[in-house]
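Written out below as structure tokens is the structure these notes cover.
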Amino acid sequence: NRPPLSLSPGQWSFTRWKTIGQLEALEVRSWANDLYEEALGLAAAGDDAYRNQEFVSAIQSYELGASALSELLENLPTSASRLLEEAEKAFNNSDASLAIELYTVALVLQPQNQDALIGLERSRVLDDVVSMIDEGNALLQSGNLTEALDMFRLIVGLDTRNEYAQSKISEIEAQILEIEFASIMSEGYALRQRGQLTEAIETFLLAAGIGIRESDALAALQQVETQIANERIRMLNTEILEAESEERWQDAVDAYDEALIIDPNLLFAIEGLKIATQRATLDRLLNRAIEEPLRLSEQSIYEESLRYYFIGRDIDSPGSLLSSQLDKLQSLLEIAKIPRTVTFVSDNLTNVTLLRVRDLGVFSTTSLELTPGEYVAVGRREGYRDTRKEFVVGFDGPTNIVSVECLERIASAIGRR
């Protein structure tokens, strides 16, 4: 009595061999040999039992064998993941041959698996990379930073995903940058020590632009700038003392202004500028009064000059220049009020007016007492063009003689005649 099978022996055989063919195509022996052999053993046991008419045992063996074979196919993703884990472990252990083998098998199961593709590519250059890493580390250990950097860059060229080489590149670049920074800073300090402050500033600015320890470079730069400022202030203070002793007050004002631009809080410059400005203003006004004495003929200017004179006289320790200015102005102020005789000559036909003084009328000769200054006499005569005579009454020199006559006949008057 043969029990019915869900599949005939022939169908069992077809299904079995179809699955086996699929597994063989996937190189199952390279990734699940023991399970595969076990499944094949179950299928063979089913054949033996069937030949011996042990049908129940045959069914059980067939079903178990078919199930085992199918399970191998169903577990392909799991098997692929396991292979990738083992391949990565082999890669990390620098076992290039095993890593290549495992990644290759994983790609049989999953041909488009990116991790397997990348891993296989990296494994093929793994031996070279390991050798180059050793060489790069040896160069680094001996202090050949540039050569070591070149080596690790070559490694990244072979294996772009090599994190170790990338980290070494960053580490070496940082060391090289630190050495360069330290060298530039040392040069800057040496320049400062030699008094080459402008060059030191340029060097510290270069260090600040490297990209590391900018605050250190800027601090050194600030020290040099402060040193330059202090030295300039000392020089300006010397210039100020010389200018004040020589009564060059505008020069002193300019020096004070420059010092306050450097440091607006300099107390000596703040206080000194006020005094220097006052003295420079007084110096300028006194000089103008001395150089343009005829302006003293105007009462407002005379009073203003007199006020400057007394301001100057009130200054303690005025200095030789100011004393000389005050003496000259005193003389001019005294002379400015002393009238001088001016003689006017005319033709007894011209009406003469001395502008802003008085009408002199018609005369042949007349005289006036006029204080020093600039004057204008205007002559008018009917039928003649007006005449204008400008003259100066000086502080010294001969008595002025001023002739005022209208001599140019007007054309219309000639026609009427």
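The values are calculated or read from the model by the stated rules, or taken from the named source; none is laboratory data. A quick note: this is a predicted structure, and the numbers were derived from the prediction, not measured. In this analysis, Cβ positions are derived from the backbone assuming ideal geometry, glycine residues included, and neighbour counts consider all displayed protein chains. Just so you know, the surface numbers come from the protein's heavy atoms only, side chains and all, with ligands and any DNA or RNA stripped out. Shrake-Rupley method; radii C 1.70, N 1.55, O 1.52, S 1.80 Å.
Scanning the range 253-292 for residues that are more than 30 Å from the chain's Cα centre (by Cα) and polar (S, T, N, Q), which turns out nearest to Pro372 (Cα to Cα)? In this case the residue turns out to be Asn287. Within the set of pairs 6+ apart or on separate chains, which have a first residue in the range 267-294 that is over 10 Å from Val253 (Cβ atoms), a second that is open to solvent by 40 Å² or more (accessible area, probe 1.4 Å) and not small (Gly, Ala, Ser), and C-beta atoms under 7 Å apart? From residues that are over 10 Å from Val253 (Cβ atoms), the pairs are Leu282/Ile311; Ile290/Lys328; Leu294/Glu374; Leu294/Val392. Of Ser67, Ser81, all but one fail to be over 30 Å from Val129 (Cα atoms), open to solvent by 20 Å² or more (accessible area, probe 1.4 Å) and modelled with pLDDT under 80; the exception is Ser67. Residues in the range 197-217 that are free of Cβ contacts under 8 Å to residues at least 24 places away in the same chain, under 13 Å from Glu180 (Cα atoms), part of a helix (DSSP H, G or I) and small (Gly, Ala, Ser): Ala208 alone. Taken together, the residues in the range 322-336 that are exposed (fewer than 15 other Cβ atoms within 10 Å of the Cβ) and not hydroxyl-bearing (Ser, Thr, Tyr) amount to 3.
Please tell me if Val376 is part of a strand (DSSP E or B) and in contact with a Gly (Cβ under 8 Å, 6 or more places away or on another chain).
no
Residues are listed down the side, and each one gets a yes or a no for (1) within 16 Å of Asn348 (Cβ to Cβ); (2) open to solvent by less than 50 Å² (accessible area, probe 1.4 Å):
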position	(1), (2)
Thr366	yes, yes
Thr371	no, yes
Tyr375	no, yes
Arg380	yes, no
Gly383	yes, yes
Lys389	no, no
Val393	no, yes
Glu405	yes, no
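Screening Gly157, Gly143 for residues that are in a loop (DSSP other than H, G, I, E, B), small (Gly, Ala, Ser) and surrounded by fewer than 16 Cβ atoms within 10 Å (Cβ to Cβ) leaves exactly one candidate, Gly143.
Of all residues in the range 388-397, one or more are out of contact with any Phe, Trp or Tyr (no Cβ under 9 Å at 6 or more places or on another chain), assigned to a loop (DSSP other than H, G, I, E, B) and under 30 Å from Arg248 (Cβ atoms). Within the range 279-292, the set of residues being within 30 Å of Glu390 (Cα to Cα), in a helix (DSSP H, G or I) and open to solvent by 30 Å² or more (accessible area, probe 1.4 Å) comprises Arg284, Leu285, Asn287, Arg288, Ile290, Glu291.
Quick check on Ile179: is it at pLDDT below 95, assigned to a helix (DSSP H, G or I) and within 30 Å of Leu140 (Cα to Cα)?
yes
If the condition is being touching a helix residue (DSSP H, G or I) at 6+ places or on another chain (Cβ under 6 Å) and among the aliphatic types (A, V, I, L, M), then the range 127-157 contributes Val129, Met132, Leu139, Leu140, Leu145, Ala148, Leu149, Met151, Ile155, Val156.
Of the candidates Tyr103, Tyr164, the single residue that is in contact with a Leu (Cβ under 7 Å, 6 or more places away or on another chain) and among the aromatic types (Phe, Trp, Tyr) is Tyr103. Only a single item in (1) at pLDDT 90 or above; (2) open to solvent by less than 30 Å² (accessible area, probe 1.4 Å); (3) part of a helix (DSSP H, G or I) is not met by Ala413, and it is number (1).
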